[in-house]
Structures are given as structure tokens and as C-alpha cells.
Amino acid sequence: MDRIRIGGGNKLHGTIPISGAKNAALPLMIASLLSEDTLTLRNTPRLADVRLLQRILQNHGVDISTDGKRPGQIGQCGETLRLTARTIADTTAPYELVSKMRASFWVLGPLLARCGEAKVSLPGGCAIGTRPVDLHILAMERLGASIAIEAGYVLAKAPKGLVGNRIVFPKVSVGATHAALMAATLAKGDTIIENAAQEPEIGDVAECLVKMGAKIEGIHSPTLKITGVTSLHGADHTVIADRIETGTYAMAVAMTGGDVMLQGARPDTLDTVLDVLADSEADVRRTNDGLRILRNGAGIAPIRVETQPYPGFPTDLQAQLMALMTKAKGTSLIRETIFENRFMHVQELARLGADIQLQGDRAEIRGVEKLTGAPVMATDLRASVSLVIAALAAEGDTTLHRVYHLDRGFDSLEKKLQNCGADIERLAGQ
């Protein structure tokens, strides 16, 4: 199993190209099930989760091709996928595939909408807490599907097709919003989705669906109106820049010091995060090319933050912010309101010398003068990159184990950091 070695103490200087958003790319790929025509997705990140979803979609009969690297294209540029679901060969999503990636459960809506039936495995447990699919099921039932759960599978049927209806989510859910939105595009009549998640990635998927012929109003708002159509056609769409990757590298620069241009970043999707970084005394500059982050000499100021659905501070940047606050000049407070087990990185940060106290859903981080390199272990995707941020500012070497978590969500992380002067390398597994 591969490891990553990080030598701390180097400031970061240079340019980091921001990849396409994983959290948009995955549902966009699933949206290909809604049409017989080809969906072309540009700027798709090179990630383990993207490769796994390709396998899952191919199991349903989707033909997928990948464009090769183009002249002048740097290694960290995204790739172009062409997905064609001419015929759905199988409406079953088996446990052995769904259990490896929860987002694959989202095939339920498109399969049901297009084929009138779907058999999808329940996704199982998750390291960062329970993420139930009850709201997905609620949405499909509101659209007229009959649902049964047997032997760990959701059996959904709508032999006469889905019918538009009013869906009111009792709480905000990104996954359920994606599922309801995609399914409603082929339902008969109008669907109103209330208390919809407003993440930029959902807006990106909605805009792609419109290119495919869907009729959607209220994009980027908590109320979506979808007028069903009989079929969708192909489209050509570029995946939105990854705001979580952007925030992660911004915090790495704030941690180590230096001056980095995050090329292609979308600052408009990160207003709350950038406000927090500015409060920590990082120099944040929005530009026509993306986002420039600087910190030369100024200490890190402590902050108080709680995670919230968009446009609040994202849970997917909570671990990275905590790593940054380990060297703040004072005490910071972070409250995690989204996932109940998303403090698993705390014990590993403590191995580097961090002083963090937990009480329920709150973490108190007392800034320390220095961190010291040590062997650490990734527990989930965001936790793993928080350890990279801390290691970049630690004295000596840190070895990160279980780096397959990083490969699920960060495209070319070592290369991007190396190009900005970081002492980081991947060590092949033994």
C-alpha cells in the first residue's frame, strides 16, 4: 500500500491548477443514464472514485470513452469523458459496487425515471457517520414509485412512469436533491422541490440537465421547479472547478506561508470560506484567473466556525481548517453540525503535536508553537488531506499511510504541491 512522505518547513510559491469538482463530476456521470445520446463531460478529475463510477455505469450498459492528453496540456488538467447510455442493459446496482462508493446509490432516480424500475443496493456504513437514504426514497415515492426493501436492496417500480409532485425535504440533503432533480426531469408534469440543497455542484448538474433538454427553474435556489419532458438528448458540459480542492490548497498556503495562484478557481462559490481565511489573517485576492493566496510573516489568527449546508462553511473543509488552526496564535473553536463522526483526524493531528480537546460536536484547538513530523494514518478523504496540511508546516518528516483515501478526491496532489516547492513524494507500497 502506497504512502506519502512529507518534509515540513517549505513555503509554497507558484501556481496550482484547480481540477473539476468531484462532487459535480459524479452526479453528472450518473445523469448520462437519462439519455440515449452521448453526454460529453470536460474537466473531469482523474480520481479513484471517477474510475469506480465508470465501472458501475458500464455495468448498466453505459459506453464510456476517455480523450487522451492534448498538445500543450499539463499533467494536472482534467480529462474528457464521453458517456453513451444507448440501452440500459441492467437496472440492478449490486452491493459489491455500491458498497465501495455511496454516491453510486444515486443511480436509483435516473434508472427509475428512464426504465420504470431499479434494484439498488443499500450503500452500508460510512466512516464519518450515518448517511441514510431515507430522503432519496421519500422523493421517489412522492414521484409515484412503489418502494420495497428486501435483502439489503431498494426495489423501486414505476411501470407507467414517474409523475410530478411536490417534494418537501425535512432537512437539506445534497444526495436526495440530486436524485429528485434527475428523476423529475423525465416525470410527467411539474415537480416542485422545496428545501433543496444549494451547493454549486447541484447548480452545475442542473445547468447540464438544461443543456440536455430538461426544463428547470430556480437553479441555485432552495426551490426548484422541474417540468418533465419525454426524453433528454446529449450535451457538452465542462465540470465546475472544485471549491473543496480550492479551499484545501488555500489553507495549505495559509499554513506554510508563501504566495500561490489557484488557477481556474471559482471564488464566488467560496465566500464563507474566504471570509474565514481572511479572519485568520491570510491575504486573499480574487483575480480574473482564479484566487491568489498569500501569507508572508503574519501569524495565524484563531477563529470560531460551525459547519453548515451551503452557503455556510462546508463540512468538507472542517478537517483542513482544524489543521490550520493547530498553529494559530490563540484558541479556536469548531463545531461540526453535519456528520457525527467527523473528528476522526483529531487523534492523528495530536501525533504531530496538536493540542485539541473534544466535547461532543465541538473541538477546541489551542495553537502550538510547532508541530513535529510523525507517522500518521488517514481515516477518510478530508481527514487525510488535513494531515498533509499539518505535515507541510511540521518540523521533520511525516509519513502518511492509507493514501488511497486521498486518491479518491484529490487529482495529482503530490505533483501540484511539488510544483510549488513542497518536499513531498509518494512511496510505492511494499
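The values are calculated or read from the model by the stated rules, or taken from the named source; none is laboratory data. No experiment lies behind these values; they were computed from the predicted model shown. Note: ideal-geometry Cβ built from the backbone for every residue, glycine included; neighbour counts use all protein chains shown.
Of note:
- Extreme residue, farthest from Thr177 (Cα to Cα), among residues of segment 204-236 that are among the small types (Gly, Ala, Ser) and surrounded by 21 or more Cβ atoms within 10 Å (Cβ to Cβ): Ala235
- Test: residue in segment 10-22 that is more than 30 Å from Val260 (Cα to Cα), crowded, with 17+ Cβ neighbours inside 10 Å and modelled with pLDDT of 95 or more: no
- For segment 304-333, the set of residues classified as aliphatic (A, V, I, L, M) and within 18 Å of Leu349 (Cα to Cα) consists of Leu317, Ala319, Leu321, Met322, Ala323, Leu324, Met325, Ala328, Leu333, listed by residue number.
Yes/no per residue for (1) of a type in the set (A, V, I, L, M, F, W, C); (2) at pLDDT below 95; (3) in the same structural domain as Asp204 (by TED's automatic domain parsing); (4) touching a helix residue (DSSP H, G or I) at 6+ places or on another chain (Cβ under 6 Å):
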residue: Leu34; (1), (2), (3), (4): yes, no, yes, yes
residue: Thr44; (1), (2), (3), (4): no, no, yes, yes
residue: Arg86; (1), (2), (3), (4): no, no, yes, no
residue: Thr91; (1), (2), (3), (4): no, no, yes, yes
residue: Arg102; (1), (2), (3), (4): no, yes, yes, no
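- Condition check for Ala148 on (1) more than 16 Å from Cys115 (Cα to Cα); (2) in contact with a helix residue (DSSP H, G or I) (Cβ under 7 Å, 6 or more places away or on another chain): one failure, at (2).
- In segment 153-265, counting only helices (runs of 4 or more DSSP H) that sit wholly within it, the ones holding 1 or more residues that are modelled with pLDDT of 95 or more and farther than 22 Å from Ser104 by Cα span 200-211, 243-256.
- Selected residue (only one of Thr87, Thr92 is hydroxyl-bearing (Ser, Thr, Tyr), more than 30 Å from Glu336 (Cα to Cα) and out of contact with any strand residue (DSSP E or B) (no Cβ under 8 Å at 6 or more places or on another chain)): Thr87
- Among the residues of segment 1-32, those that are over 12 Å from the mean Cα position of the chain (by Cα) and in a helix (DSSP H, G or I) comprise Leu28, Met29, Ile30, Ala31, Ser32.
- In the set (1) on the phi > 0 side of the Ramachandran plot; (2) of a type outside the set (Ser, Thr, Tyr); (3) touching a residue at least 40 places away in the same chain (Cβ under 8 Å), Asn195 fails one condition alone, (3).
- Of all residues in segment 148-159 being in contact (Cβ under 8 Å) with a residue 12 or more places away in the chain and over 21 Å from Leu181 (Cβ atoms), the one that is surrounded by the fewest Cβ atoms within 10 Å (Cβ to Cβ): Pro159
- Against the test of being in contact with a Leu (Cβ under 9 Å, 6 or more places away or on another chain), of a type in the set (Val, Ile, Thr) and buried (at least 23 other Cβ atoms within 10 Å of the Cβ), the options Ile30, Ile88, Ile64 yield a single qualifying residue, Ile30.
- Residue among Val260, Val273, Val284, Val239 that alone is under 19 Å from Phe313 (Cα atoms), in contact with a strand residue (DSSP E or B) (Cβ under 8 Å, 6 or more places away or on another chain) and buried (at least 24 other Cβ atoms within 10 Å of the Cβ): Val273
- Checking Ile334, Ile424 one by one, the residue that is surrounded by fewer than 24 Cβ atoms within 10 Å (Cβ to Cβ), free of Cβ contacts under 8 Å to residues at least 40 places away in the same chain and in contact with an Asp or Glu (Cβ under 9 Å, 6 or more places away or on another chain) is Ile334 and no other.
- Residue-level analysis places Leu270 among those that are touching a helix residue (DSSP H, G or I) at 6+ places or on another chain (Cβ under 7 Å), closer than 30 Å to Ser332 by Cβ and either without any contact (Cβ under 8 Å) to a residue 60 or more places away in the chain or not assigned by TED's automatic domain parsing to the domain that holds Leu392 (or both).
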